Amino acid sequence: MLCETTKDNYFMTYPIYKIKDFCQVGDGAHASIKRGNTGIMYLSSKNFKSHGLDLTNLDYISQSDYEKHFKVSKTAITTPAANDVLLGIIGSIGVPYIVKERDLFGISSSVAILRTQQGLDANYLFHYMKSAFFQQSVDAIKSGAAQGFLSLEMIRNLPLIAPKEDIQQQIAEILSTYDDLIETNNQRIATLEQLAQQIYKEWFVRMRFPGWETTPFHHGIPEGWEIQEIKNFDIQIIDGDRGKNYPSKSEFSETGSCLFLNTGNIQDDKFVFNQCEFISEEKDHQLRKGKLQRGDCVLTTRGTVGNLAYFHHGISIDNIRINSGMIILRCRSGINPQFLYQLLKSQTMKEQYMLYSSGSAQPQLPIRDFNRIKSILPPKIIQEKFSNLMEPIFEQIGTLSAMNEIAILTRNLLLPRLISGKLTIKQAEALAT
């Protein structure tokens, strides 16, 4: 059914329908299914992030439970299939994901399934659901609904801008070109990060560092190395500025001279700049603490404790401050920043973050407790040799990250213009060449 529009409506070029006009809508399992450490992945809304699937905190179910609860049915949609678009509807709301052919997982009832019918291209729907128009429609419904919840009926009645299907496919193809480039670069970045972490493990876990064959060991520790609490490392720990000049809600905007980093902007050991808040130059100057410098590590210490990011030279944003719920770790002369970054992201350190965290509803890692964490500290000469190996790896990561920033910016600029019809397919293709 065609929705009514006004002359003032921004999206005037293409007709606006409702989701239910072109989609079947269902959700995941409503049953309580036993979780385990192995088996088939079982995802909830928390696993769907703006950059894709977040598989850092996974649940699994058995093969038999998967077959029991996720049968293919002609009467109800409960099992994700290729080209379905999934949407978080409880807790983490509004982040879409399009199911790939290779995907195999079950989903909880906190995730909706949108299955396109004739006249609607699935890839177009996925990109449309990332648009500001759709997200604002979701936010408008959320504000009048129970906190953190969207019903299937609410989803069915959300607006859908739907040009002719051939135009949908062309729009999706243009936007997917940028998605494919970003995904390819992310895979290359992940490979480089794995290489860096393997070198770290070889040197500082397996103790196969240069010269290890002739180095005396005492109780498993190389001579000249130390086990120290973090407070004795030569680093400066900086938290966010919570004083009288802290920005009020009205002082945040989508543009500005200084990015104000939130804990949600750090995921999978990197910065995620999809949803950012900025403050003015004047407000930036009023704050005393929490400004990033190149070579800083940022660690989340509230909510999701232990997410880490490294502020390297491949990140184009220069002026960044941290919010509360995270800390900056800045190296002084006695420790190398690339060694510190690999140390902080190691599995041993992540286990200690959890050990020293307090609070069940919202875990926290206060600085005083973080300082008590112990770790091995190699001599500076070993750190410098490690850094010499890391430099070319981080240069490649920086180059790929910069390419992704440009691709993301371009895609995000094209998305609303293509979907609204303000930018034609030919104009978009010309920009891409």
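The values are calculated or read from the model by the stated rules, or taken from the named source; none is laboratory data. Everything numeric in this text was worked out from a predicted model, so none of it was measured. A quick note on method: Cβ atoms are made from the backbone with ideal geometry, for glycine too, and the neighbour counts reach across all protein chains shown. The accessibility values were calculated without ligands, DNA or RNA, using every heavy atom of the protein model including side chains. Shrake-Rupley method; radii C 1.70, N 1.55, O 1.52, S 1.80 Å.
Some notes on this structure:
- Residues being open to solvent by 70 Å² or more (accessible area, probe 1.4 Å), part of a loop (DSSP other than H, G, I, E, B) and in contact with a Pro (Cβ under 9 Å, 6 or more places away or on another chain) are entirely absent from segment 209-218.
- Residue that is nearest to the chain's Cα centre (by Cα), among those in segment 52-68 that are modelled with pLDDT of 90 or more, buried (at least 17 other Cβ atoms within 10 Å of the Cβ) and outside any strand (DSSP E or B): Tyr66
- The conditions of being over 23 Å from Tyr353 (Cα atoms) and touching a strand residue (DSSP E or B) at 6+ places or on another chain (Cβ under 8 Å) are not met by Trp225.
- Screening Met354 against (1) over 17 Å from Leu261 (Cβ atoms); (2) touching a strand residue (DSSP E or B) at 6+ places or on another chain (Cβ under 8 Å); (3) not charged (D, E, K, R) leaves a single unmet condition, (2).
- Residue count, segment 243-297 (criterion: outside any loop (DSSP other than H, G, I, E, B), open to solvent by 20 Å² or more (accessible area, probe 1.4 Å), closer than 30 Å to Val95 by Cα and not hydrophobic (A, V, I, L, M, F, W, C)): 10
- Counting residues in segment 401-409 that are polar (S, T, N, Q), open to solvent by less than 80 Å² (accessible area, probe 1.4 Å) and under 19 Å from the mean Cα position of the chain (by Cα) gives one or more.
- For segment 153-192, the set of residues classified as farther than 17 Å from Phe126 by Cβ and either open to solvent by less than 40 Å² (accessible area, probe 1.4 Å) or assigned to a loop (DSSP other than H, G, I, E, B) (or both) consists of Asn157, Lys164, Asn185, Ile189, Ala190, Leu192, listed by residue number.
- Candidates in segment 354-396 are the residues that are more than 21 Å from the chain's Cα centre (by Cα) and polar (S, T, N, Q); of these, the one that is surrounded by the fewest Cβ atoms within 10 Å (Cβ to Cβ) is Ser360.
- Evaluation of Ile322 against (1) in contact (Cβ under 8 Å) with a residue 40 or more places away in the chain; (2) of a type in the set (Val, Ile, Thr); (3) under 17 Å from Ile397 (Cβ atoms) (one fails), failing number: (3)
- A residue that is within 36 Å of the chain's Cα centre (by Cα), closer than 30 Å to Arg411 by Cβ and of a type outside the set (Lys, Arg) occurs nowhere in segment 205-219.
- Leading residue by the ranking (nearest to Pro247 (Cα to Cα)) among those in segment 298-353 that are surrounded by fewer than 19 Cβ atoms within 10 Å (Cβ to Cβ) and hydroxyl-bearing (Ser, Thr, Tyr): Ser324
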